[in-house]
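Student: So that we are looking at the same thing, I have put the structure below in structure tokens.
Throughout, read-outs are computed from the coordinates displayed, never taken from laboratory work. Remember, it's a predicted structure, so these values are computed and weren't measured experimentally.
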Amino acid sequence: MLVIFDCDGTLIDSEVIASAIDAEALTRLGRPTTPAEFVERFTGVPHREIWRLLEAELGRPLPEGFLDEIREVSIRRFAEELTVIEGVHDAVAAIDGLGLKRCIASSTGLEGLRRNLATTNLLDSFDPHVFSASQCARGKPAPDVFLYAASQMGSDPADCLVIEDSVAGVTAARRANMPVLGFTGGGHADPGLAARLSAAGAAVVLSGMAELPRIVAAHFGV
């Protein structure tokens, strides 16, 4: 039995920072966009895929070095501002107490993922069970990263439970034939997020990490 955590917006409060950076960058390219709009459309999708789609919509190549610039701004702001989601450490400890395996399966590239986990003092809690869509052929909403994580952990998809904050992530989990819980405790969550996660296939939607151990225990009957 395996609990698979998404990272951004689920374990660490990064989406609110990343969406502000990306929305500002897109606005500079001549398409005014708010962080909230960016969150609703792209949360959970790998960053390079987001900008590949936007480049096609803009109908012109991104300026030279554009993504590198965003990356450098993100690294600096994450180092200064990134925090862990409230209650994560206690929830992880409680899941350990249930005797369940756990891991991370994220859309963020592996290098950045590990750096962000280290910044929030979570890397030691999960290492080496930290998996990224950059290790797979396709990112979310394709199921690849969840199936890869399950295979690396020696678990059948039916014996997994995914925790996700995005429609893309919930969709990916369901395509992997894994039950999934939605999470709306991140700083980027808007009033409609819970309904969107439910519509995408989340069995239950949690508003905070304090609820997680009880629901996980009930799901696995432990």
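Student: Is the chain best put as rounded, prolate or oblate by its Cα gyration tensor, with a ≥ b ≥ c the root eigenvalues, rounded for a/c under 1.5, and otherwise prolate when a/b is larger than b/c, oblate when not?
Tutor: Note, shape of the chain comes out prolate.
Student: For a test of the definition: using alpha carbon positions, the gyration tensor, and the 1.5 limit on a/c, classify region 54-178 as rounded, prolate or oblate.
Tutor: It is oblate, given that a/c is not under 1.5 and a/b is not larger than b/c.
Student: Under 5 Å between amide hydrogens, which residues at least 5 positions from L206 or on another chain qualify, with H placed 1.01 Å from N in the peptide plane?
Tutor: Here the answer is G182, F183, T184, since their amide H atoms fall under 5 Å of that of L206.
Student: Let me ask something else. Mean separation of Cα pairs under 8 Å and 6+ residues apart, divided by the residue count of the chain: what relative contact order is that in percent?
Tutor: Computed over the chain, the figure is 27 percent.
Student: Something else about it: Does region 158-222 classify as rounded, prolate or oblate by the C-alpha gyration tensor (a ≥ b ≥ c root eigenvalues; a/c under 1.5 gives rounded; else a/b over b/c gives prolate, otherwise oblate)?
Tutor: oblate
Student: Explain nothing, just the number: relative contact order of region 15-81, from Cα pairs under 8 Å at least 6 residues apart, as a whole percent.
Tutor: Reported as a whole number, the value is 34 percent.
Student: Can you compute log10 of I(q)/I(0) for region 15-81 with the Debye formula, treating each Cα as one identical point scatterer, at q = 0.11, 0.14, 0.21, 0.26 Å⁻¹?
Tutor: One equal scatterer on each Cα of region 15-81 leads to -0.23, -0.38, -0.89, -1.38.
Student: Cut-off 10 angstrom, C-alpha nodes, Gaussian network model of the chain. Which of D165, D90, D22 fluctuates the most?
Tutor: D90
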